[in-house]
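**Q** Dumping the structure here so I can ask a few things about it.
Where a number appears in this text, it was derived from the coordinates with a stated rule and is not lab data. Worth saying up front: this structure is predicted, and the values here are computed from it rather than measured. In this analysis, Cβ positions are derived from the backbone assuming ideal geometry, glycine residues included, and neighbour counts consider all displayed protein chains.
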Ligand code: GLN
């Protein structure tokens, strides 16, 4: 496609620089905008996700879809995978067409439309709503993260700390949302209230989805009102720059093909192995053969990508394997009072809120003396491996009956420490290593690791058998050993990876 000549933009930006701003807990004020916008976006994401599975399997007589569990699990898995996979496409559009700040706005509006659509009681609205949320998330998620990075200079030691704070916003939303949407969709009390208003009590599910929509509306309002606090971060590429329409078509086709392959991958193990080994070819090419700085940095990005796939594959079992362990094998009571096993799903977000300020403080405090990024990643994997190692005696103890909830609490604590070393650091590193014109795409690659990890987590959970304590112990041990091996490998490679990162290491 031919790019028409357009007027050149004014080369001097009229917006203030954010780099030296310390107006939000020692960080640029723009961080508070992104913190609250992402808090509401994650509120809507996790609030809806908490209902999704329950809504699909609930009988039609109580307002659900009445799907069988296998079909519902399939839709759930493919939906979460799609949300993160589409980040590649979203990142590409942001980089080459509209810029990160507009991608957040457009993505946010599409997500909002998706949640309002889900609030409508019809099957067509259900699928349309899911598709809208997935597409919108693909646009918003990588861009809001690159915007955080854009508030700091590359050399600013506050950057990892800033991402830790941003991560706290994510988890504030993630923690509160299921409590709100769960109450609307599932409590008898709210059903009575609906009857009192003369409404159908079975519409409770759609009130839950509606709450997610309102959360997202608030998020977008916050974002737009404080847009100027972002300075000139994430502006669209210059008007005169050619728009790569052909590239866009390739990325769309590639994303669709990958999505199609992954949906089918469970049935073809060879396909899964091939897909997961492709990044290794990339590491070899970029790390060993490219001599230019940009190429070598892409090699480092791929090393982190591979480590992150394994991390999320184990971590995301919090919602599958560990949820089953909580339901079937744990004594769910405190001081003689029982609680639903689903409460464990909020524990991780709670620990993040406790630990994030601590880590933010720690990284700033250590300044230039903080561990290098590959070492932080290795620490993340180490704690994750330890968490599954702790599941080995916990699983063995189930031979004598249900076990104490303290086991899972300790497991989630270790996982969260690992998450704090790897996930915000990963976001921060992608934003720093990516060449400016590929910022969104590289962030998309980061979320592709989550997408693939989610897929693997679902596949791995198929090996969980609550009735075989010895087998269950081995199940956790094997995964702890694989994570341990990756930890050692990453530590051994750390000096090389640091060299690949060059001056941005
Ligand atoms: N829980 C974080 C979020 O929702 C991280 C997700 C991920 O990358 N796996 O943003």
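**Q** If you count, for each residue, the other Cβ atoms within 10 Å and average over each peptide, how do 258-270, 124-136 line up from highest to lowest?
**A** Result, highest mean first: 124-136, 258-270.
**Q** What translational diffusion coefficient, in µm²/s and rounded to a whole number, does the Stokes-Einstein relation yield for the stretch 167-260 at 37 °C and a viscosity of 0.692 mPa s, taking the hydrodynamic radius as the Kirkwood radius over Cα pairs?
**A** 186
**Q** Moving to a separate point now. Test of understanding: what is the full-extension gain from residue 224 to residue 499, defined as 0.36 nm times their sequence separation minus their Cα-Cα distance? Present the calculation step by step, with values, prior to reporting the outcome.
**A** Values: separation 275, 0.36 × 275 = 99.00 nm, distance 4.01 nm.
Net length gain for the segment: 95.0 nm.
**Q** Sticking with this one: Over all alpha-carbon pairs in the stretch 192-342, figure out the percentage whose distance exceeds 23 Å.
**A** 73
**Q** List the equivalent ellipsoid semi-axes of the stretch 372-505 in whole Å, largest first, each obtained as the square root of 5λ for an eigenvalue λ of the Cα gyration tensor.
**A** 33, 15, 13
**Q** At 10 °C and 1.306 mPa s, grab the translational diffusion coefficient of the chain from Stokes-Einstein with a Kirkwood Rh over Cα pairs, rounded to a whole number in µm² per second.
**A** Roughly 67 µm²/s, to the nearest whole number.
**Q** Between residue 466 and residue 293, what is 0.36 nm times their sequence separation minus the Cα-Cα distance? Round to one decimal in nm.
**A** 57.3 nm is the gain from fully extending residue 466 to residue 293.
**Q** Also, I was wondering about something else. Report, largest value first, the span of the C-alpha coordinates of the stretch 267-332 along each principal axis, in whole Å.
**A** If we take the Cα atoms of the stretch 267-332, the spans are 57, 27, 11 Å.
**Q** Give me the three principal axis extents of the stretch 21-108 from the C-alpha atoms, as integers in angstrom, largest value leading.
**A** Computed over the stretch 21-108, the largest-to-smallest principal extents equal 55, 31, 17 Å.
**Q** Let me know the Rg and Dmax you get for the stretch 90-209 when you use only its Cα atoms, in Å.
**A** For the stretch 90-209, the Cα-based Rg and Dmax read 18.4, 60 Å.
**Q** Using R₀ = 41 Å, calculate the FRET efficiency as 1/(1 + (r/R₀)^6) where r is the Cβ-Cβ separation of residue 436 and residue 474; round to 0.05.
**A** 0.30
**Q** Need the full-extension length gain, residue 268 to residue 284, defined as separation in residues times 0.36 nm minus the C-alpha distance. One decimal, nm.
**A** Gain on extension, residue 268 to residue 284, equals 3.2 nm.
**Q** Starting from the 7 Å offset along Cα-to-Cβ, what nm value, one decimal, do you get for the label separation of residue 275 and residue 22?
**A** Calculated label separation equals 4.8 nm.
**Q** Tell me, what is the FRET efficiency for residue 335 and residue 190 to the nearest 0.05, using R0 = 41 angstrom and their Cβ-Cβ distance as r?
**A** After rounding, the FRET efficiency stands at 0.90.
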